[in-house]
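The values are calculated or read from the model by the stated rules, or taken from the named source; none is laboratory data. Small disclaimer: the values here were computed from a predicted structure and weren't measured. Positions of Cβ are generated from backbone atoms using ideal geometry, with glycine treated the same way; all protein chains shown enter the neighbour counts. Areas reflect the complete protein model, heavy atoms only, side chains present, ligands, DNA and RNA absent. Shrake-Rupley method; radii C 1.70, N 1.55, O 1.52, S 1.80 Å.
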Amino acid sequence: MSDLEKADSMVKTPEQLLRIMKAAAIGDMCFSHMLGFLKVGMTEIEAAAEIERVLFRLGAEKLAFPIICVSGVRTNLPHGEPTEKRIEEGDFVTLDFGAVLDGYCADMTRTVAMGRVSDFQKEIYELVLKAQLAALAACKAGIRCVDVDKAARDIIEAAGYGEAFVHGTGHGVGREVHEAPKLNKTSEETLEENMPVTIEPGIYIPEQFGVRIEDLAIVTKFGIINTVQSTKQLMIL
């Protein structure tokens, strides 16, 4: 039985990691396309359908999970399904999606703005990005998963938005998009070399908006290899 036919462990083989990286590259290309496609007036469902069309055109064999595309006040739903809501000027739009390639999943999230942003929107976006970068920097073989979560959570809590960070910082990825280890406040695992994990802190302001930024990182002895290359600069479309 080959390594790829065995039940996945949290630690992946080089070939498994390569498949994940190729799936992630499809996601990057799709996001680049969406930066030119998203327009005020289209519905969330229309945007999600375009993500799906492009992922398959780029070679995805299936979706890693149902596409999340939410806009405006609906961005405060971490797992919101796309609806007929139309994207409006001043909306944040959160896109969370992943391709499956050769049996392995990718997962990424980006939040973009339509036309303009308020000072408050920009403040929250920059806070989430700061937390996400801190968690990425904390990832390294031998580091406890709970401490990676803490790196992001401490920044968000210090800014007064701890209660608005309503989920864990990340999870493992492989044949399934949600695998061990978990990176949250109660995690008991320790990161090991060649574990692929998401880093995806978020802040969700009730009745206003939410922001999430997610990369898929491969843990190494020296830090991470980030499989997601898409910009994290706040994009105003």
With all protein chains present, how much of the accessible area of the chain (probe radius 1.4 Å) comes from carbon and sulfur, to the nearest whole percent? 54 percent
Using a 1.4 angstrom probe and counting only protein chains, how large is the accessible area of Thr109 in Å², to 10? 0 Å²
Can you give the accessible area of Cys139, probe radius 1.4 Å, in Å² rounded to 10? 0 Å²
Report the FRET efficiency, 1/(1 + (r/R0)^6), for Glu193 and Thr43, where r is their Cβ-Cβ distance and R0 is 41 Å, rounded to 0.05. 0.40
Could you let me know the centre-to-centre spacing of the range 155-228 and the range 23-67, using Cα atoms, in angstrom? 22 Å
Please identify which residues in the range 204-237 have an amide N closer than 19 Å to a label point set 7 Å out from the Cα of Arg144, following the Cα→Cβ vector. none
Go through the range 190-237 and name the GluC sites (Glu not before Pro) that are in a DSSP coil and have 12 or fewer other Cβ atoms within 10 Å of their Cβ. Glu207
Over the heavy atoms of His178, what accessible area does a 1.4 Å probe trace out, to the nearest 10 Å²? 120 Å²
If you keep only loop residues by DSSP, which GluC sites (Glu not before Pro) in the range 17-73 have at most 16 other Cβ atoms within 10 Å of their Cβ? Glu61
Working with all protein chains in place, sort Leu77, Leu55 by solvent-accessible area computed with a 1.4 Å probe, largest first. Leu77, Leu55
Antiparallel DSSP beta bridges within the chain, as percent of all bridges there, nearest 5: 95 percent
Counting only heavy atoms of the protein chains, get the accessible area per residue of the chain (1.4 Å probe) and round it to a whole Å² value. 43 Å²
Between [x] 16.0, 45; [y] 17.0, 56; [z] 16.7, 53, which matches Rg and Dmax of the Cα atoms in Å calculated for the structure shown? [y]
Between Asp119 and Ile236, how high is the FRET efficiency from 1/(1 + (r/R0)^6) when r is the Cβ-Cβ distance and R₀ = 22 Å? Nearest 0.05. 0.95
Using C-alpha positions alone, give me the convex hull volume of the range 77-217 per residue in cubic angstrom. 110 Å³
